[in-house]
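Visitor: Before I ask anything, let me first share the structure, which is written out below as structure tokens.
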Number of protein chains: 2
Amino acid sequence: MEKRIYNFSAGPAILPEDVLKEAQEDLFVLPGVGMSILEISHRSKKFDEIHAAAKNDLKTLFNLSDDYQLLFLQGGASLQFSMVPLNLMPPKNKADYIVTGTWSKKAVKEAKRVGAVNIAATTESENFKRIPKPEEIKLDPDAAYVHFTSNNTIFGTEWQNEPETGNVPLICDASSDILSRKINVNKYGLIYAGAQKNMGPSGVTFVIIRKDLIARSGDSLHTMLSYKTHAENDSLYNTPSVFGIYIIGLIAKWMLKNGGVDAMSKLNTEKAQLLYKCLDESAGYYKGHADKDSRSNMNITWRLPSEDLEKKLISEATKAGFDGLKGHRSVGGLRASIYNAFPKKGVEDLVEFLNDFKTKNA
Amino acid sequence: MEKRIYNFSAGPAILPEDVLKEAQEDLFVLPGVGMSILEISHRSKKFDEIHAAAKNDLKTLFNLSDDYQLLFLQGGASLQFSMVPLNLMPPKNKADYIVTGTWSKKAVKEAKRVGAVNIAATTESENFKRIPKPEEIKLDPDAAYVHFTSNNTIFGTEWQNEPETGNVPLICDASSDILSRKINVNKYGLIYAGAQKNMGPSGVTFVIIRKDLIARSGDSLHTMLSYKTHAENDSLYNTPSVFGIYIIGLIAKWMLKNGGVDAMSKLNTEKAQLLYKCLDESAGYYKGHADKDSRSNMNITWRLPSEDLEKKLISEATKAGFDGLKGHRSVGGLRASIYNAFPKKGVEDLVEFLNDFKTKNA
């Protein structure tokens with residue numbers, strides 16, 4: 001078997017090896033079914049079981065109350081940028097958006113097609129190096145909802161606690177840190193995430209919606225764009241990504257087997273701290289982009305003294321089996337994405353590599 | 001390894017065994033990449049290669065001219081029911097729809113949210129047992145487009161030739177017979193298909209669009225609902241279903257290796273004829289739903305003298321390893337879906353089973 005390398009990609013991203021092995025073993029024939037998971041009907045008994053188990057395990061992981069419903073959709077967070085305002089903005093036709101990066105801005109762009117957007121706070125003038133402070137956030141108590149992005153892959157920032165919005169429903173794009181740490185879902189109206197970081201392969205969008213909000217979906221909405229359609233049909237109005245839901249189910253099981261969200265959270269903090277400590281102790285050679293109080297546990301972003309050194313480091317790292325470290329052009333430099341499935345050993349090896357590189361090139 | 005059974009499911013459906021085996025072998029580590037296909041970035045060099053090869057092989061299979069562009073989207077045919085009118089109906093705001101079954105009706109429902117729908121023909125009063133005759137189709141020469149469904153999975157009917165629409169763009173939902181037979185794409189403005197029958201797993205929507213039609217997409221459209229977005233970004237505006245596109249690529253290669261569309265078409269006709277012959281020679285014991293001149297090569301639908309006998313047959317067939325034969329409730333009885341990957345041997349075995357059942361139960 002070919003050797004696997006360290007995959008620091010921002011997403012699609014590394015998945016648990018145990019899950020990949022199980023999926024591989026069963027890909028040709030799903031045990032007891034006589035056909036592949038790629039071939040079974042989404043109306044079959046076997047898929048019902050897979051779907052129900054995935055939902056059940058996710059409910060356990062999120063400690064979800066019956067006030068909420070889980071949905072598996074398609075189109076990624078990018079389609080949610082439209083579905084959220086189309087479904088939830090009327091009849092007030094105004095909503096608050098907190099802008100902390102590229103993805104928040106894209107969400108704003110679509111929301112403006114539906115109604116009035118109030119930018120409740122933004123850190124764009126500081127190249128999104130930090131999350132706004134509570135006192136900087138100007139919320140409209142009459143807004144249809146408040147939208148924020150919990151983790152910003154490009155800039156490497158993450159909300160340490162969600163904004164307090166009182167009775168106004170809180171909507172979160174949690175694509176890049178979902179299931180990486182404990183959250184109190186009861187504080188949220190709706191959470192959405194492209195699955196392709198902590199949850200599964202690309203091509204599935206995960207949504208948690210508070211059931212009372214489903215009533216907001218108007219009858220004039222196109223059928224596939226209505227949360228009501230998908231909620232009433234338990235994500236099976238049309239053919240879902242059967243394989244994607246299957247993999248999400250395997251990952252949920254893997255998480256439960258490995259201590260659930262608490263264990264992931266502890267490990268994620270340990271991994272991130274290892275890397276941040278390396279940056280902080282480099283005497284400014286490695287300079288983190290994010291302010292310390294806004295640092296992400298999922299995506300660590302930093303610069304070197306020059307672009308030439310950054311190129312050299314990336315090139316040598318790639319040769320040494322550390323893949324996907326090039327930062328997004330909006331920040332430059334380097335980015336290490338270390339999602340749930342990324343092994344601590346990989347971070348330790350990267351830290352050793354970085355210390356070594358600094359010694360040779362400082 | 002567990003035994004595989006005969007999968008007559010209408011979709012998701014049977015896929016080529018060679019493709020399943022290749023995907024299985026490479027699932028843990030994609031050769032030369034060091035990570036799984038489920039983990040690679042959609043911006044990676046490897047995915048570029050996979051994507052380019054899939055497009056290239058599909059262009060060959062469709063004998064596509066440079067006037068057309070291929071897109072890999074999400075949301076299934078059901079989202080296309082909305083995207084087609086949202087993008088292509090303005091500024092005329094009227095279109096012709098030919099209604100030949102449940103899926104056509106769903107397309108009409110969404111189109112009516114956008115503009116005026118002229119039902120150019122329908123065979124609903126005959127429970128969709130046939131395709132309309134050319135002289136029955138009343139087209140508006142000023143329509144924005146004409147929409148039809150080339151194959152009707154539920155009723156087992158299929159257009160033998162597409163309708164002639166002159167200069168009005170022809171739009172086709174080809175979800176259930178795409179790549180099963182040769183078509184002249186130059187007669188079409190846009191063809192769409194959920195991949196989960198002849199093309200791949202569920203979760204990918206395949207679109208062929210004539211490039212001049214892309215200009216119709218208005219700037220006020222939500223970004224993810226605009227063909228222009230996806231065309232300008234070569235299907236990579238957001239993260240696509242990487243695994244789905246990979247499997248579609250493997251299937252395209254498998255088709256080319258096995259004689260392309262012509263060979264598939266010949267084989268599909270042979271398979272369907274075997275089964276229709278069995279029905280026709282049963283002296284009315286097996287009664288086909290579709291009129292002879294409207295019969296589908298993909299989905300064969302038939303009834304037995306009583307519902308009790310139908311239940312008995314399905315139960316015995318399932319035990320004998322023929323899965324998924326229960327007909328849709330709109331028609332009742334039985335349905336055998338025999339897409340490209342379905343082996344001729346499986347049809348021969350089913351015919352033998354049907355003849356045997358008739359002998360014992362007539």
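The values are calculated or read from the model by the stated rules, or taken from the named source; none is laboratory data. Quantities reported herein were computed from a predicted structural model and do not represent experimental measurements. Don't worry about glycine lacking a Cβ; one is built from the backbone with ideal geometry, like all the others, and counts go over all protein chains shown.
Visitor: How about the range A:60-88: which of its residues are within 14 Å of chain B (Cβ to nearest Cβ) and over 23 Å from B:Gly194 (Cβ atoms)?
Guide: A:Phe81, A:Val84, A:Pro85, A:Asn87
Visitor: Exactly one condition in (1) out of contact with any helix residue (DSSP H, G or I) (no Cβ under 6 Å at 6 or more places or on another chain); (2) within 19 Å of A:Tyr68 (Cα to Cα); (3) crowded, with 24+ Cβ neighbours inside 10 Å is not met by A:Lys197; state its number.
Guide: Answer for A:Lys197: the failing condition is (2).
Visitor: Would you check if A:Glu316 is modelled with pLDDT of 95 or more, over 25 Å from the mean Cα position of the chain (by Cα), surrounded by 18 or more Cβ atoms within 10 Å (Cβ to Cβ) and among the acidic types (Asp, Glu)? Working first, answer last.
Guide: Details: modelled with pLDDT of 95 or more: yes; over 25 Å from the mean Cα position of the chain (by Cα): yes; surrounded by 18 or more Cβ atoms within 10 Å (Cβ to Cβ): no; among the acidic types (Asp, Glu): yes.
So A:Glu316 does not fit the description; no.
Visitor: Taking the options B:Ala290, B:Ala317, B:Ala283, name whichever one is touching a residue at least 12 places away in the same chain (Cβ under 8 Å), assigned to a loop (DSSP other than H, G, I, E, B) and of a type in the set (A, V, I, L, M, F, W, C).
Guide: Details: B:Ala317 fails: assigned to a loop (DSSP other than H, G, I, E, B); B:Ala283 fails: touching a residue at least 12 places away in the same chain (Cβ under 8 Å).
Of the residues listed, the single one that is touching a residue at least 12 places away in the same chain (Cβ under 8 Å), assigned to a loop (DSSP other than H, G, I, E, B) and of a type in the set (A, V, I, L, M, F, W, C) is B:Ala290.
Visitor: Sticking with this structure for a sec: For B:Lys266, are the conditions met, namely being away from chain A (no Cβ under 14 Å) and touching an Asp or Glu at 6+ places or on another chain (Cβ under 9 Å)? It would help to see each step written out before you state the result.
Guide: Working: away from chain A (no Cβ under 14 Å): yes; touching an Asp or Glu at 6+ places or on another chain (Cβ under 9 Å): no.
Considered against the rule, which asks whether it is away from chain A (no Cβ under 14 Å) and touching an Asp or Glu at 6+ places or on another chain (Cβ under 9 Å), B:Lys266 comes out as no.
Visitor: OK, next. Only one of A:Gly101, A:Gly75, A:Gly34 is at pLDDT below 95 and over 16 Å from A:Ile247 (Cα atoms); which?
Guide: On the way: A:Gly101 fails: at pLDDT below 95; A:Gly75 fails: at pLDDT below 95.
When all the criteria are applied, what remains is A:Gly34.
Visitor: Also: Within the range A:146-169, how many residues are surrounded by 12 or more Cβ atoms within 10 Å (Cβ to Cβ) and on the phi > 0 side of the Ramachandran plot?
Guide: Looking only at that region, the number is 1.
Visitor: Of the conditions (1) touching a Ser or Thr at 6+ places or on another chain (Cβ under 6 Å); (2) among the small types (Gly, Ala, Ser); (3) in a strand (DSSP E or B), B:Ser176 fails just one. Which one is it?
Guide: B:Ser176 satisfies every listed condition except (3).
Visitor: Looking at the range A:200-236, which of its residues are surrounded by 24 or more Cβ atoms within 10 Å (Cβ to Cβ), assigned to a loop (DSSP other than H, G, I, E, B) and either outside the structural domain of A:Thr153 (by TED's automatic domain parsing) or not aliphatic (A, V, I, L, M) (or both)?
Guide: Once the filter is applied, which keeps residues that are surrounded by 24 or more Cβ atoms within 10 Å (Cβ to Cβ), assigned to a loop (DSSP other than H, G, I, E, B) and either outside the structural domain of A:Thr153 (by TED's automatic domain parsing) or not aliphatic (A, V, I, L, M) (or both), the range A:200-236 yields A:Gly200, A:Pro201, A:Ser202, A:Gly203.
Visitor: Can you tell me which residue is nearest to the other protein chains (Cβ to nearest Cβ) among those in the range A:1-57 that are assigned to a loop (DSSP other than H, G, I, E, B) and of a type in the set (Phe, Trp, Tyr)?
Guide: So the first thing to find is which residues in the range A:1-57 are assigned to a loop (DSSP other than H, G, I, E, B), and the list is A:1-5, A:8-16, A:27-44.
With the extra rule that they be of a type in the set (Phe, Trp, Tyr), the set shrinks to A:8, A:28.
Working: A:Phe8: 10, A:Phe28: 5 Å.
This residue is A:Phe28.
Visitor: Could you look through the range A:15-43, keep only residues that are out of contact with any Gly (no Cβ under 8 Å at 6 or more places or on another chain) and polar (S, T, N, Q), and pick out the one that is surrounded by the fewest Cβ atoms within 10 Å (Cβ to Cβ)?
Guide: My answer is A:Gln24.
Visitor: Please go through the range B:86-108 and give me each residue that is without any contact (Cβ under 8 Å) to a residue 40 or more places away in the chain and in contact with a His (Cβ under 9 Å, 6 or more places away or on another chain), ordered by number.
Guide: Hit for the range B:86-108 is B:Val108, nothing else.
Visitor: For B:Thr239, only one of the following conditions fails: (1) within 14 Å of another protein chain (Cβ to nearest Cβ); (2) among the polar types (S, T, N, Q); (3) closer than 29 Å to A:Ile40 by Cβ; (4) assigned to a helix (DSSP H, G or I). What is its number?
Guide: (4)
Visitor: So A:Ser176 fits all but one of (1) within 12 Å of another protein chain (Cβ to nearest Cβ); (2) in contact with a Phe, Trp or Tyr (Cβ under 7 Å, 6 or more places away or on another chain); (3) hydroxyl-bearing (Ser, Thr, Tyr); what number is the exception?
Guide: So A:Ser176 meets the others, but not (2).
Visitor: Here is a follow-up. Of all the residues that make up the range B:104-136, how many are in contact with a Phe, Trp or Tyr (Cβ under 8 Å, 6 or more places away or on another chain), under 21 Å from B:Trp159 (Cα atoms) and part of a helix (DSSP H, G or I)?
Guide: The total comes to 4.
Visitor: Considering each residue of the range A:89-120, count those that are under 19 Å from B:Thr223 (Cα atoms) and either touching a Leu at 6+ places or on another chain (Cβ under 7 Å) or not assigned by TED's automatic domain parsing to the domain that holds A:Thr165 (or both), and give that number.
Guide: The qualifying residues number 1.
Visitor: With the requirement that a residue be under 8 Å from B:Ser296 (Cβ atoms) and not in a loop (DSSP other than H, G, I, E, B), what does the range B:143-162 give you?
Guide: B:Asn151, B:Asn152, B:Thr157, B:Glu158
Visitor: In addition: If you take the residues in the range B:179-194 that are within 14 Å of chain A (Cβ to nearest Cβ) and not aliphatic (A, V, I, L, M), which one is surrounded by the most Cβ atoms within 10 Å (Cβ to Cβ)?
Guide: We begin by selecting, within the range B:179-194, every residue within 14 Å of chain A (Cβ to nearest Cβ); these are B:192-194.
If we keep only those that are not aliphatic (A, V, I, L, M) as well, we get B:192, B:194.
Details: B:Tyr192: 24, B:Gly194: 28.
The selected residue is B:Gly194.
Visitor: Something else: Mind listing whichever residues of the range A:336-350 are surrounded by 21 or more Cβ atoms within 10 Å (Cβ to Cβ) and either aromatic (Phe, Trp, Tyr) or farther than 14 Å from A:Cys278 by Cα (or both)?
Guide: Filtering the range A:336-350 for residues surrounded by 21 or more Cβ atoms within 10 Å (Cβ to Cβ) gives A:336-342, A:347, A:350.
If the condition is that a residue be surrounded by 21 or more Cβ atoms within 10 Å (Cβ to Cβ) and either aromatic (Phe, Trp, Tyr) or farther than 14 Å from A:Cys278 by Cα (or both), then A:Ser337, A:Ile338, A:Tyr339, A:Asn340, A:Ala341, A:Phe342 are the ones that fit.
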